[in-house]
Amino acid sequence: GVTRLLLTRIPFFKEIIVSSFCCDSCSWSNTEIQSAGRIQEQGVRYALAVTSRQDMNREVVKTDCASARIPELDFEIPAFSQKGVLTTIEGIIDRAVAGLEQDQPARRETDKEVARKIDEFIGKLRQLKEVSSPFTFVSARRGAALAGEGEDSSLRAPVLQVLDDPSGNSFVENPRAPQRDEALVVTHYRRSPEQCALLGLQVDTRPPDTAEDLRDEVLQFNTNCPECNAPASTNMKLVQIPHFKEVIIMATNCDSCGHRTNEVKSGGAIEPQGTRITLRITDPSDMTRDILKSETCSVEIPELEFELGMGALGGKFTTLEGLLKDIRELVEKNPFTLGDSSTPSRTGKLQEFLGKLQDVKGKAQAHFIMDDPAGNSYLQNVYAPEEDPELSVQRYERTFEQNEELGLNDMRTEGYEPPAASGR
């Protein structure tokens, strides 16, 4: 025979693979569906209230791992007992009837009582297709809520759960999409460890680590814009820099005036020693090196006789080119070099400096020095974990003045232990 495959997309759902097989010799045919996507983050449960024959024509995607149950009839189609199929509500019932009728001739010969009970059950299934009275496709847990409380039980409709799929890849059509369908209830739920094992997923039984959650999550808190004081939000993310340490990146974006700013805070303590990082810029590719400049770091370029003091530009996590761009903008916006307060000689020196700074970014060789007494700055080593021939990192003992600027001289961590209990 011939098997045909079609990759198609169901509107308001996802992509699936439809396969169809047909045999010219015996005219046997079969259709199956497979999900073209991954297993979803949560399982899905569909509950449908059937009130007319049109509802029986709703399209249904039932995957291999989806189960269908009729709690009132005490009937269940277990997971992995059928191949995935693209069908309708009526098609699910027809498939169940066909499966029950398959061995009925043999049962009538061997056990007439069992065959008679199955025939009665098949008749009940076929009555559902006629929709002589409304019935509801829901889960057993939701049945009581939808059937109503305090009503006569004889007036309650049969309860049937169409699909319960822990993989989240099954689907029941909403003919009113994208509008809400009052007759269809979709519930997403977290898979149990047993369901994860059934799908072949690894179950992590370890208790959640709060620190790990923070690494994968962007935190947001409300603040005011530093420019226009309008309400704004600040995003904060904990990031691990390879071969260094953790840092906290904070970014603020104001929708009112368009002001944007970002800042970096060290995620650890002050290091026991200061750090002096020297990079010899020899190639334009050095401009792409990542840089973490803390608030306590000063920058120096000896060839340009330029020094940027501690606290200027704040904390930055950028590239070498990005930091030089920020330095250029800082120099250009100096109020003493603009407008009426500027002099021709000062303006000329400024333009000369900016030209030399531009040459450093492109062709001129220079030394870029970062001196951080707190030891919380970083310059990327492109040869890591091997040594970088153009990069040197020197650690040194802080002076009294540097400890004073960091507030360490007056910091006391001893003597806070609780007094030992006396033996009285």
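Only lysines eight or more places from Lys265 in sequence, or on another chain, were considered; those with a Cα closer than 24 Å are Lys237, Lys245, Lys293, Lys316, Lys325. Dipole orientation for the stretch 218-266: of the candidates Gln240, Asn253, Cys228, Gln240 has the Cα lying most toward the positive pole (charges on Cβ; Lys, Arg +1; Asp, Glu -1).
In this structure the amide hydrogen of Phe75, modeled in the peptide plane, comes within under 5 Å of the amide hydrogens of Ile70, none closer than 5 places in sequence on its chain.
For Val2, the shell of other residues with beta-carbons less than 15 Å away shows a net charge of -1, using +1 for Lys and Arg and -1 for Asp and Glu.
Normalised per residue, the accessible area of the stretch 218-266 is 63 Å², obtained with a 1.4 Å probe and no contribution from ligands, DNA or RNA.
Using r as the Cβ-Cβ distance of Gln42 and Arg412, and R0 as 60 Å, what FRET efficiency do you calculate, to the nearest 0.05? Efficiency at R0 = 60 Å is approximately 0.70. FRET efficiency for the Leu100 to Glu217 pair, using the beta carbon distance and R₀ = 45 Å, is estimated at 0.35.
Residues Val2, Val44 ordered from highest to lowest accessible area at a 1.4 Å probe: Val2, Val44. Distance from the Cα centre of the stretch 98-116 to that of the stretch 344-368, in angstrom? Answer, in whole Å: 94.
Take 224-231, 24-31 and order them by the average number of nearby Cβ atoms within 10 Å per residue, most first; the result is 224-231, 24-31.
The peptide list 191-199, 308-316, put in order of mean Cβ contacts within 10 Å with the highest first, becomes 308-316, 191-199. For Thr87, the solvent-accessible surface computed with a 1.4 Å probe is close to 30 Å², ligands and nucleic acids excluded. Sequence-distant contacts, meaning Cα pairs under 8 Å at least 6 residues apart, place the relative contact order of the stretch 218-266 at 30 percent. Here the scattering of the stretch 218-266 is modelled by Debye summation over its C-alpha atoms, one equal scatterer each and no solvent; at q = 0.23, 0.31, 0.33 Å⁻¹ the log10 of I(q)/I(0) is -0.77, -1.11, -1.19.
Highest mean first, the peptides 291-302, 322-333 sorted by other C-beta atoms within 10 Å per residue fall in the order 291-302, 322-333.
Summing Cβ point charges (Lys, Arg +1; Asp, Glu -1) relative to the Cα centre of the stretch 218-266 gives a dipole of roughly 160 debye. Just to confirm a number: summing +1 for Lys and Arg and -1 for Asp and Glu over residues other than Ile89 whose beta-carbon lies under 12 angstrom from that of Ile89, what do you get? Overall, the nearby charge balance is 0.
The values are calculated or read from the model by the stated rules, or taken from the named source; none is laboratory data. Keep in mind it's a predicted model, so treat the numbers as computed, not measured. Positions of Cβ are backbone-derived with ideal geometry, glycine not excepted, and every protein chain shown enters the neighbour counts. Accessible surface areas use protein heavy atoms only, side chains included; no ligands, DNA or RNA. Shrake-Rupley method; radii C 1.70, N 1.55, O 1.52, S 1.80 Å.
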